[in-house]
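J.: Structure below; questions to follow.
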2 protein chains.
Amino acid sequence: MEKKLTSRKENYSQWYNELVVRADLAENSSVRGCMVIKPYGYSIWEKIQSSLDKMFKDTGHVNAYFPLFIPKSFFNKEASHVEGFAKECAVVTHYRLKTDDDGQIEVDPAAKLEEELIVRPTSETIIWNTYKNWIKSYRDLPVLCNQWANVVRWEMRTRLFLRTTEFLWQEGHTAHATKEEAIEETIRMINVYAEFARDFLAIPVVIGTKSESERFAGAEETYCIEALMQDGKSLQAGTSHFLAQNFAKAFDVKFMTRDNKEEYVWATSWGVSTRLVGALIMAHSDDRGLILPPKLAPIQVVIIPIYNNKEQLSEISQRVNELCDKLKKMNISVKYDDRDSYRPGFKFADYELKGVPIRLAIGKRDYDNNTWELVRRDTMEKKIVNNDLIIKKIEKLLVEIQDNIYKKAEKFRNSNTTKVDTYDDFKEVLNKRQGFIEAHYDGTVETEMLIKNETKATIRCIPIEPISEEGKCIITGKPSKFRVLFAKAY
Amino acid sequence: MEKKLTSRKENYSQWYNELVVRADLAENSSVRGCMVIKPYGYSIWEKIQSSLDKMFKDTGHVNAYFPLFIPKSFFNKEASHVEGFAKECAVVTHYRLKTDDDGQIEVDPAAKLEEELIVRPTSETIIWNTYKNWIKSYRDLPVLCNQWANVVRWEMRTRLFLRTTEFLWQEGHTAHATKEEAIEETIRMINVYAEFARDFLAIPVVIGTKSESERFAGAEETYCIEALMQDGKSLQAGTSHFLAQNFAKAFDVKFMTRDNKEEYVWATSWGVSTRLVGALIMAHSDDRGLILPPKLAPIQVVIIPIYNNKEQLSEISQRVNELCDKLKKMNISVKYDDRDSYRPGFKFADYELKGVPIRLAIGKRDYDNNTWELVRRDTMEKKIVNNDLIIKKIEKLLVEIQDNIYKKAEKFRNSNTTKVDTYDDFKEVLNKRQGFIEAHYDGTVETEMLIKNETKATIRCIPIEPISEEGKCIITGKPSKFRVLFAKAY
């Protein structure tokens, strides 16, 4: 038996790192900052992808694919974009290797690119350069494209899933005839993300807009969803940007309106990434390992036989296989682990580590009694269930677990959201338990920066529908009309 | 109305290039050799992906994700791999941009990587470097991973889908305890590709092995599927490599056998790419545009209303919507194009260009007669179908079209496969109509190269189950035991 995980209390950060590796989700690769997503981790991502992809298509979007490389000169076109954002990039300068005199591989100095290519950190520039040719008239609008792709941002400090040099994501890039339509799209997509977080990730989120200093470079407004992790830190789980006409102007994308006038096109972009897998882990899991919401669990039910000899195993297997067949027909993913090389206790611990929502065990006595031993991962509650009722029980329990995980996360968030009215209280909360802090501030970058520099807490978002409340900035005492959400963040 | 496509007869190559762009499949980007896959083209690729992915999973494979970048030094480890293959690569040398004194973006010379990174042209090296840590014992085997990813090969002459600098593909990389098991896997996967080509792409293929000179660098045997295009050239549509222990030795991947001996692991790799979309176009389409097999068509049925006024349209739309609802429930993808801004004739031509398998039109008279006008794209045959029978007719026709397209391609291939026994006949066939040529050769690289240099035809494959036949090499007259397949190739 492997040793236990570090507990969350002992060292939350180490608990996370250990869990990601031990549960076979991902590992660091030989390339600094790049991860290998292992099959178990990747299958969670596949489920995230297919659920989100359906939601995008249901809201009228189509997928497309744009080049990995972006000519350097494109970054000169939208000044604020590159200033605020796109400097830490992988740069391709050559296109050939050669064998040197010692038989070693080296870069061929003769094969130098005239213009360097940047590995996309995000695709606004290359996509708007393409849209220029697609959009001539109001009839060509809206353009509602999404792309599933890898992107590269040269991060100095990386952590599996949360911040890696290369990561997988989707980026939606839409083009509209009017400002109103683009804003509507921006909000539609942040709501899609919030719905996905609630219904699939089982994570409650706060929807809001970013303050100026945290806004996406090139955007006029950035909407985000913020989720509270178990250590009291906030994690930005998705963003949706209203880009106004900035990229249309930079890449000269104009269209002819119905009234035959020439106008610049309005833009949005929105994305979520493999970071969501990190959010999933941090929001729900415990000291035994992962707790996965059934809707995203690669294995929803695992069955482990307990037997003394081959005859018993063969008897038990027959009943197990019947159940597996029925579950598969209902699209419930089930794994029968009858490997002889591992003992039941090892398997129990392993599937707890891997967060399988329901575990069934069946031994000789269960077989004779026509029962199953059932353990649900979220509460570790154990029950004996009659074979005649097992299907109904599993079906019901998968819904119940999904629901329970969400409620638990919601309860945690609510009890870790604190209203404070003085800077002293603000700092005390950060020292004690962190979490979300709702406070008044005067709306200036100076105040925001002062708080950030002194406490490391930042404005996570300005709630999208703030509750009107007269108050005073906790720093300057100037009047404020509503509270904003502060937290330390990943 | 746009002008007609160049015909295949007039200029096959131009026909292809025009068709790809006009049918909205893909276009060249601002980055040399990289394409933009447009939504309509990408949705074909999505269908290819999901069908293949299911076949991979049904044969026991799982997906994973490995880094985009490969350290340069990895290419030194398997000498034949880099010699034969991996030299034309994109090389990342820097990781930061900066703004120079004139406010222009430039590469920061201070941010130079110690070791250059290569954008993966294929992932054997990085994956086997990872497998080293995954595989310790026979219990860890087999490893059956697949990856859906983008790769980059710096091609000098590129063509949309057929040969692009960046392309999308899947690459399977498996690890086995025995040689036999690895060979079995190699053959299993080339058969999966052949089955996919037959059942989805509707393309008949020849399965065989590559001659030494065409073999994948690092492989001991390369299996391939070869498909004949309408211009008589062959297109390699998929490959599966038996890599023996070459990469295991290069990356020191050993395992403990059941008998406690240390042995190197056996490997395979196999892949298909967005090139399949090119194959699909070249194999079936005609001078009107695409002909898509129903199983991969993004739109299977398009419905076009013909009306003189709003009342007529509203009447017609009611019947159309009823049909659409029914078809959607049957998972048949249907599009109702009631756009007012285009005339029916324009729409007819556009959906012919886009290869939609079935087109329905309905006007006032059809409405009154309770009928539909139906045109199938593959034969352009027109029929009047009673509304009560339309669903059954569509269902049947989708199967029939899929079948007919395959049969047509098979017939074309058979009538363009020629047995020749002299080099003169060989050259004459190449001059007249090309196609596949079955000929005897002496099995030497010299003969192969002579033929290649003189005629541009190459050995496409050595059939996997050759028919024994005593013969003489068409060049040297030396004895040969079976014919191999020659052709000019893409």
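The values are calculated or read from the model by the stated rules, or taken from the named source; none is laboratory data. Since this is a predicted model, take the numbers as computed values, not measurements. Cβ: placed from backbone, ideal geometry, glycine included. Neighbour counts: every protein chain shown.
J.: In the set A:Glu181, A:Glu155, A:Glu195, A:Glu185, which member is at pLDDT 95 or above and either within 14 Å of chain B (Cβ to nearest Cβ) or in contact with a Ser or Thr (Cβ under 8 Å, 6 or more places away or on another chain) (or both)?
T.: Criteria check complete, one pass: A:Glu185.
Table: residues versus (1) more than 12 Å from every other protein chain (Cβ to nearest Cβ); (2) touching a Pro at 6+ places or on another chain (Cβ under 8 Å); (3) modelled with pLDDT of 95 or more.
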{"residue": "B:Thr6", "(1), (2), (3)": "yes, no, yes"}
{"residue": "B:Val36", "(1), (2), (3)": "no, yes, yes"}
{"residue": "B:Lys47", "(1), (2), (3)": "no, yes, yes"}
{"residue": "B:Asp53", "(1), (2), (3)": "no, no, yes"}
{"residue": "B:Tyr65", "(1), (2), (3)": "no, no, yes"}
{"residue": "B:Val92", "(1), (2), (3)": "no, no, yes"}
{"residue": "B:Leu97", "(1), (2), (3)": "no, no, no"}
{"residue": "B:Gln104", "(1), (2), (3)": "no, no, no"}
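J.: Could you pull out every one of the strands (runs of 3 or more DSSP E) wholly within segment B:144-237 that has 1 or more residues that are closer than 30 Å to A:Arg120 by Cα?
T.: So the answer is B:166-176.
J.: Here's another thing I want to ask about it. Quickly run through segment A:16-42 and pick out the residues that are in contact (Cβ under 8 Å) with a residue 40 or more places away in the chain, in a loop (DSSP other than H, G, I, E, B) and hydroxyl-bearing (Ser, Thr, Tyr).
T.: Hits for segment A:16-42: nothing passes.
J.: Now for a separate question. Taking the condition of being buried (at least 21 other Cβ atoms within 10 Å of the Cβ), more than 18 Å from the chain's Cα centre (by Cα) and hydroxyl-bearing (Ser, Thr, Tyr), how many residues in segment A:13-37 meet it?
T.: Looking only at that region, the number is 1.
J.: Do you know which residues across segment B:237-261 are crowded, with 19+ Cβ neighbours inside 10 Å and aliphatic (A, V, I, L, M)? If you could, list the steps in order and put the result at the bottom.
T.: Taking segment B:237-261 as the starting set, the residues that turn out to be crowded, with 19+ Cβ neighbours inside 10 Å are B:237-244, B:246-248, B:250-251, B:253, B:255.
Hits for segment B:237-261 are B:Ala237, B:Leu243, B:Ala244, B:Ala248, B:Ala250, B:Val253.
J.: Which condition does A:Tyr264 not pass, out of (1) surrounded by fewer than 23 Cβ atoms within 10 Å (Cβ to Cβ); (2) in contact with a Gly (Cβ under 8 Å, 6 or more places away or on another chain); (3) of a type in the set (Phe, Trp, Tyr); (4) more than 23 Å from A:Asn63 (Cα to Cα), if it passes all the others?
T.: Exception for A:Tyr264: condition (2).
J.: For segment A:67-76, how many residues are facing another protein chain (nearest Cβ under 7 Å) and of a type in the set (A, V, I, L, M, F, W, C)?
T.: So the answer is 3.
J.: From B:Glu311, B:Glu352, grab the single residue that is within 28 Å of B:Tyr16 (Cα to Cα) and either in a helix (DSSP H, G or I) or touching a strand residue (DSSP E or B) at 6+ places or on another chain (Cβ under 8 Å) (or both).
T.: Residue meeting the stated conditions: B:Glu352.
J.: Let me ask something additional. In contact with a Leu (Cβ under 9 Å, 6 or more places away or on another chain) and among the charged types (D, E, K, R): which single residue out of B:Lys9, B:Lys38, B:Lys57 fits that description?
T.: None of the other options fit; the residue is B:Lys38.
J.: When segment B:208-239 is examined, which residues are found to be free of Cβ contacts under 8 Å to residues at least 60 places away in the same chain and among the hydroxyl-bearing types (Ser, Thr, Tyr)?
T.: If the condition is that a residue be free of Cβ contacts under 8 Å to residues at least 60 places away in the same chain and among the hydroxyl-bearing types (Ser, Thr, Tyr), then B:Thr222, B:Thr239 are the ones that fit.
J.: Answer yes or no: is there a residue in segment B:473-483 that is outside any loop (DSSP other than H, G, I, E, B) and either farther than 26 Å from B:Tyr223 by Cβ or of a type in the set (A, V, I, L, M, F, W, C) (or both).
T.: No, there is no match, as no residue in segment B:473-483 is outside any loop (DSSP other than H, G, I, E, B) and either farther than 26 Å from B:Tyr223 by Cβ or of a type in the set (A, V, I, L, M, F, W, C) (or both).
J.: Collect the residues in segment A:395-416 that are buried (at least 16 other Cβ atoms within 10 Å of the Cβ) and over 23 Å from A:Ile299 (Cβ atoms), keeping them in residue-number order.
T.: Those that are buried (at least 16 other Cβ atoms within 10 Å of the Cβ) and over 23 Å from A:Ile299 (Cβ atoms): A:Phe412, A:Arg413, A:Asn416.
J.: Here's a follow-up. Going by what's in this entry, would B:Asn133 be described as among the polar types (S, T, N, Q), surrounded by fewer than 22 Cβ atoms within 10 Å (Cβ to Cβ) and either over 28 Å from B:Gln236 (Cβ atoms) or more than 10 Å from every other protein chain (Cβ to nearest Cβ) (or both)?
T.: Details: among the polar types (S, T, N, Q): yes; surrounded by fewer than 22 Cβ atoms within 10 Å (Cβ to Cβ): yes; either over 28 Å from B:Gln236 (Cβ atoms) or more than 10 Å from every other protein chain (Cβ to nearest Cβ) (or both): yes.
Yes: the conditions hold for B:Asn133.
J.: Any residue at all in segment A:178-187 that's in contact with a Pro (Cβ under 8 Å, 6 or more places away or on another chain) and small (Gly, Ala, Ser)?
T.: no
J.: Which count do you get for residues in segment A:251-279 that are under 30 Å from the mean Cα position of the chain (by Cα) and not polar (S, T, N, Q)?
T.: Selection size over segment A:251-279: 11.
J.: With respect to B:Thr447, is the statement that it is under 22 Å from B:Ile291 (Cα atoms) and of a type in the set (S, T, N, Q) true?
T.: No; evaluated as a whole, the condition is false for this residue.
J.: Of all residues in segment A:77-90, which are facing chain B (nearest Cβ under 7 Å) and either surrounded by fewer than 17 Cβ atoms within 10 Å (Cβ to Cβ) or farther than 23 Å from A:Gln245 by Cα (or both)?
T.: Listed by number, the residues that qualify are A:Glu88, A:Cys89, A:Ala90.
J.: Could you please find all residues in segment A:243-302 being farther than 30 Å from A:Lys396 by Cβ, touching a residue at least 40 places away in the same chain (Cβ under 8 Å) and out of contact with any strand residue (DSSP E or B) (no Cβ under 8 Å at 6 or more places or on another chain)?
T.: A:Ala250, A:Phe251, A:Asp252, A:Arg258
J.: Which of the residues spanning segment A:51-76 are free of Cβ contacts under 8 Å to residues at least 40 places away in the same chain and buried (at least 16 other Cβ atoms within 10 Å of the Cβ)?
T.: Scanning segment A:51-76 gives a single hit, A:Asn76.
J.: Can you spot a residue in segment A:114-124 that is farther than 29 Å from A:Leu243 by Cβ and either within 10 Å of chain B (Cβ to nearest Cβ) or surrounded by fewer than 17 Cβ atoms within 10 Å (Cβ to Cβ) (or both)?
T.: yes
J.: Further question on the same structure: What is the one condition in (1) in contact with a helix residue (DSSP H, G or I) (Cβ under 9 Å, 6 or more places away or on another chain); (2) without any contact (Cβ under 8 Å) to a residue 24 or more places away in the chain that A:Arg343 does not satisfy?
T.: Single failed check for A:Arg343: (1).
J.: Same structure, new question: Evaluate segment A:378-394: report whether one residue or more is within 30 Å of A:Lys364 (Cα to Cα), buried (at least 17 other Cβ atoms within 10 Å of the Cβ) and out of contact with any Leu (no Cβ under 9 Å at 6 or more places or on another chain).
T.: Yes: one or more hits.
J.: Scan segment B:423-472 for residues that are under 31 Å from the mean Cα position of the chain (by Cα) and in a strand (DSSP E or B) and jot them down.
T.: B:Phe436, B:Ile437, B:Glu438, B:Ala439, B:Thr458, B:Ile459, B:Arg460, B:Cys461, B:Ile462, B:Pro463 - these are the residues of segment B:423-472 that are under 31 Å from the mean Cα position of the chain (by Cα) and in a strand (DSSP E or B).
J.: Select from segment B:174-215 the residues that are farther than 30 Å from B:Trp134 by Cα and acidic (Asp, Glu) and list them in ascending order.
T.: B:Glu195, B:Asp199, B:Glu212, B:Glu214
J.: Considering only residues that are in contact with a strand residue (DSSP E or B) (Cβ under 7 Å, 6 or more places away or on another chain) and among the hydroxyl-bearing types (Ser, Thr, Tyr), which ones fall in segment B:328-349?
T.: Matches in segment B:328-349: B:Tyr336 only.
J.: Name the residues in segment A:388-422 that are among the β-branched types (Val, Ile, Thr) and assigned to a helix (DSSP H, G or I), would you? Break it down stepwise before answering.
T.: Taking segment A:388-422 as the starting set, the residues that turn out to be among the β-branched types (Val, Ile, Thr) are A:390-391, A:394, A:399, A:401, A:405, A:417-418, A:420, A:422.
Passing the criteria: A:Ile390, A:Ile391, A:Ile394, A:Val399, A:Ile401, A:Ile405.
J.: OK, next. In the set A:Ile467, A:Ile401, A:Ile437, A:Ile405, which member is among the β-branched types (Val, Ile, Thr) and modelled with pLDDT under 95?
T.: A:Ile467
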